[in-house]
Amino acid sequence: MSINLPKKTWPGSIAEVTLGKTKENGGSRGSEIVVGGQNALPLHLFEGFIPHRPVIAFEIPDVEPPENDWTPIVREVYKDMLNDPVAWSKLVVEKYGAKLICLHFIGANPDRLDRPIAECVGLLKEIVAAVDVPIIVQGYGTGDKNSEMLAKCAEECRGEGITLASAVDEHYKTLAAAAIAYDCNLVAETPIDVNLAKQLNILLTDMNVPKDRILIDPLTGGLGYGYEYTYSVMERIRLQALGGDVMMCMPFINFVGQETWKVKEVKMTAAEEPSWGSEKERGILWEATTAYALLQAGSDILVMRHPEAIAQVEKSIDEFMSK
Amino acid sequence: MALTGLQIYKLLPQTNCKECGFPTCLAFAMKLAAKQVSLDLCPDASDEAKAALGAASVPPIKKVSIGSGNHRVELGEEVVLFRHDKTFYNETALALGVADDLPDEEFQRTVKTINDANFERAGENIAVSMVALIDKSGDAAAFAARAKTVKDTSPLPIALVTEDPSRAAAAVEVTGEAGGVLCGATAETAADFAEIAASNKWAMVIKSNSLEELGELAEKTTAAGVKDLLIDPGFKTQADILHNQTQIRRIALDRKEKGYGYPSALSIQEGIDPYQAALLVSLGVTKYAGLVILPEWHNWQFLPLLTLRQNIYTDPQKPLQVDGGIYSVGEPNENSPVYISTNFSLTYFMLSSEIDGSGEAAHIVIIDAEGMSVLTAWSAGKFGGEQVGKAVLASGIADKIKHRHVIIPGYVAVIKGEMEDAMKGWDIMVGPQEASDIPAYVKDVWLPLK
Ligand code: SF4
């Protein structure tokens, strides 16, 4: 007996977005990263074309990060450079083989350190000089200062193909203008909602941001904390995109580390909760599992923290992409 | 797939005789499609109609039950590829291994750890589903003795992992009827295993690395009287797991091929990196596996894997709202802080996770704002100062605390004045805008206040 294995094909495909610019293209990055381009369900190489592998970015905070969010397990790895993002960037590139980094400007937050924009931009320039991988620049949240800061980053590092995170409802215009003027990518963030994601993409494209310069951040609910919503919203967006909806066809980015290391299930030590097992491995697996299952839902870029979690997910991506 | 009203109508006599109690055959067909009536009401229904409707009502993936009693595991009956289309019903059963050649004490300790692997999370119990007894000794008597120990010391169903039918038979004999699932049958041993399973009411897994052969074997095994069958397509790489599990689900839902309408099994090999092994389990959970056997494990894998399973098997049609009322994070007491928020689930999730992270147990008073986030609710007039103030008083929180402070979200600082008017004698504190700043807020504002 032989069976006919179903082969699902789709009219639509995902846009290809390029992160970073090399010398030939006017920048100074050592390599460019392309994501997207697939015309199949996530990792379904057996029935479609998946030209680029999902990539992982190392997250690097601009100032020493708070302990409640960057817990001892992650701090231990970066302990000598917690307040030196330049050294931190070099470490992840040189020691852990980072192909992409995400500089997270938490210190600019007016509720925290309120670092001036000029200092933030100065830091970004130092990092651009120190490492040659493509860079994502993430603001602290929303607000005018956040948009201004990201726009300034785009301006000062024009030509490097940096990625700005994130344009959100109400605060997208400044960033959209900057992305167009300085040839940057733009992350479009919406709160776990299929329709809002599409609406923001429409607003951005209406402002003439090209489709191949937009990444969708569906907002990552942490494992155990709204994860199921993110998972299904991503599946639905991706199905619509493959079905031919060009306003949904952008690659996904998920900020995984930020939703991992602050949760109770990761922070509790084995001394406090013996049946939960070693907090180190538990935390690493929490981050790796969160990322890995999001790959099944369609993630193209995962922003993560712990090098071991990253290495494990990379290993799995290799296995999916081989042959 | 379920038949539509029109498809059913074509199978009916189309005489509109009204015997069924409906004015037309079409009206009756519509009710049948909605599963609100039974075909018996039509005296003239043909055998063909009966057969077609009967087949359509059988679920595309058979329901399989493993073990007996409280901890019986039910699998199958799935109807979708994507959980948002309906839901995933019967969550992936996780069976953790224990080798039959461990020394007595270690063996018992291992079984106990598996028994105890259950946790309270978000108001639900999440737990490991089965004990997988792994045949290492190669000895029927030893394997059976260990099976007896598992039966006597664990309430969970047993997965007997052996490729040898005589060892499986020996273990089944000492553990009794409906004790669990036999894992180890291949094309060569299928008939022997089927006989053991059928005559002792055990479930069994049939394995083949060829999807074609798997379907044939499944049909044969069912014909041999096995009621509860699972199919294991094997794998070499993670890409194979994704492919095989996805294709089995698709073929089953399609109903065109026989032999694939069974829950699937994923048996993870020994000797692989524990992180990779855990990721394979994750893949089984997201991609359709009914039973996952993990022979080697660590207790730090439990929470991430069980939480993922809990999330993926949550009904996606569950509204994005929590009920109004008082919630606890940690074990708050009369001196703990009180946070006010709306009943949008995601707001609630984020808030509770940050409070958790702050290390300071707290009460949350959730105001019913029709599932809107704080700012949206405020703009829509569902989160005004007077309303919120009254709702907080009505919640009964005053009886739970000795102090008179409540913390409102920074985004709605404007409602402070009205709340003060509505809640005389209370101190309305304006918290941070973003939940992520709560730990800092607790440290810088709340704790000094205390
Ligand atoms: S009893 Fe049967 S034939 Fe008569 S109206 Fe109803 S469905 Fe039609």
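Counting the residues of the stretch B:321-334 that are crowded, with 20+ Cβ neighbours inside 10 Å and more than 20 Å from the chain's Cα centre (by Cα) gives 2.
The single condition among (1) outside any loop (DSSP other than H, G, I, E, B); (2) touching a helix residue (DSSP H, G or I) at 6+ places or on another chain (Cβ under 9 Å); (3) more than 8 Å from the ligand (Cβ to nearest atom) that residue B:51 does not meet is (2). Counting only strands (runs of 3 or more DSSP E) that sit completely within the stretch B:81-160, those holding 2 or more residues that are open to solvent by 80 Å² or more (accessible area, probe 1.4 Å) correspond to B:124-127. Pairs linking a residue in the stretch B:11-27 that is closer than 19 Å to residue B:47 by Cα and within 14 Å of chain A (Cβ to nearest Cβ) to a residue that is near the ligand (Cβ under 6 Å from one of its atoms) and modelled with pLDDT of 90 or more, with Cβ atoms under 9 Å and 6 or more positions apart or on different chains, do not occur.
Restricting the stretch B:38-48 to residues that are more than 10 Å from the ligand (Cβ to nearest atom) and not in a loop (DSSP other than H, G, I, E, B), which is nearest to residue B:251 (Cα to Cα)? Restricting to residues being more than 10 Å from the ligand (Cβ to nearest atom) and not in a loop (DSSP other than H, G, I, E, B), the top hit is B:48.
Has the stretch B:304-320 got at least one residue that is away from chain A (no Cβ under 11 Å), surrounded by 17 or more Cβ atoms within 10 Å (Cβ to Cβ) and modelled with pLDDT of 95 or more? Looking through the stretch B:304-320, none of the residues is away from chain A (no Cβ under 11 Å), surrounded by 17 or more Cβ atoms within 10 Å (Cβ to Cβ) and modelled with pLDDT of 95 or more. Among the conditions (1) within 14 Å of another protein chain (Cβ to nearest Cβ); (2) open to solvent by less than 30 Å² (accessible area, probe 1.4 Å), the only one that residue A:7 does not satisfy is (2). Meeting the requirement of 1 or more residues that are open to solvent by less than 40 Å² (accessible area, probe 1.4 Å) and within 11 Å of chain A (Cβ to nearest Cβ), the helices (runs of 4 or more DSSP H) wholly within the stretch B:335-402 are B:345-358. Selection over the stretch A:285-294 of residues that are more than 7 Å from chain B (Cβ to nearest Cβ) and either surrounded by fewer than 24 Cβ atoms within 10 Å (Cβ to Cβ) or more than 24 Å from residue A:35 (Cβ to Cβ) (or both) gives a count of 0. Of all residues in the stretch B:27-37, those satisfying the criterion of being part of a helix (DSSP H, G or I) and more than 10 Å from the ligand (Cβ to nearest atom) are B:30, B:33. Checking the stretch A:286-305 against the condition returns a match, with at least one residue being over 18 Å from residue A:67 (Cβ atoms), touching a helix residue (DSSP H, G or I) at 6+ places or on another chain (Cβ under 6 Å) and in a loop (DSSP other than H, G, I, E, B). If you check B:80, B:58, which single one turns out to be modelled with pLDDT under 90 and under 20 Å from residue B:250 (Cβ atoms)? After applying the criteria, what remains is B:58. Take residue A:220 and tell me if it is more than 9 Å from every other protein chain (Cβ to nearest Cβ), crowded, with 21+ Cβ neighbours inside 10 Å and of a type in the set (S, T, N, Q). When the stated conditions are applied, residue A:220 passes them. Based on this model, can you work out whether residue A:315 counts as within 13 Å of chain B (Cβ to nearest Cβ), surrounded by fewer than 20 Cβ atoms within 10 Å (Cβ to Cβ) and of a type outside the set (A, V, I, L, M)? When the stated conditions are applied, residue A:315 passes them. Screening residue A:254 on (1) touching a residue at least 40 places away in the same chain (Cβ under 8 Å); (2) within 20 Å of the chain's Cα centre (by Cα); (3) assigned to a helix (DSSP H, G or I) shows it passes everything except condition (3).
Please find, among B:406, B:392, B:442, B:374, the residue that is of a type in the set (A, V, I, L, M), at pLDDT below 90 and within 37 Å of the chain's Cα centre (by Cα). Step through it out loud before you land on a result.
On the way: B:406 fails: at pLDDT below 90; B:392 fails: at pLDDT below 90; B:442 fails: at pLDDT below 90.
Every option except B:374 fails the conditions.
Regarding the stretch B:10-26, can at least one residue be identified that is more than 9 Å from the ligand (Cβ to nearest atom), open to solvent by less than 70 Å² (accessible area, probe 1.4 Å) and closer than 27 Å to residue B:254 by Cα? Yes - at least one qualifying residue is present in the stretch B:10-26. Taking the stretch A:261-283 as the range and being open to solvent by less than 10 Å² (accessible area, probe 1.4 Å) and more than 7 Å from chain B (Cβ to nearest Cβ) as the test, the residues that pass are A:261, A:266, A:283. The C-beta contact set for the stretch B:330-348 (first residue on the phi > 0 side of the Ramachandran plot, second residue open to solvent by 10 Å² or more (accessible area, probe 1.4 Å) and among the acidic types (Asp, Glu), distance under 9 angstrom, 6+ apart or interchain) comprises B:330/B:356; B:330/B:360.
Scanning the stretch B:271-303 for residues that are open to solvent by 20 Å² or more (accessible area, probe 1.4 Å) and either in contact with a Cys (Cβ under 6 Å, 6 or more places away or on another chain) or of a type in the set (D, E, K, R) (or both) yields B:273, B:296.
The values are calculated or read from the model by the stated rules, or taken from the named source; none is laboratory data. On a predicted model such as this, the values are computed, not experimentally measured, just so you know. Cβ sites come from the backbone with ideal geometry, for glycine too, and all protein chains shown count toward neighbours. Each accessible area value is taken on the protein alone, full model and side chains, heavy atoms only, with ligands, DNA and RNA left out. Shrake-Rupley method; radii C 1.70, N 1.55, O 1.52, S 1.80 Å.
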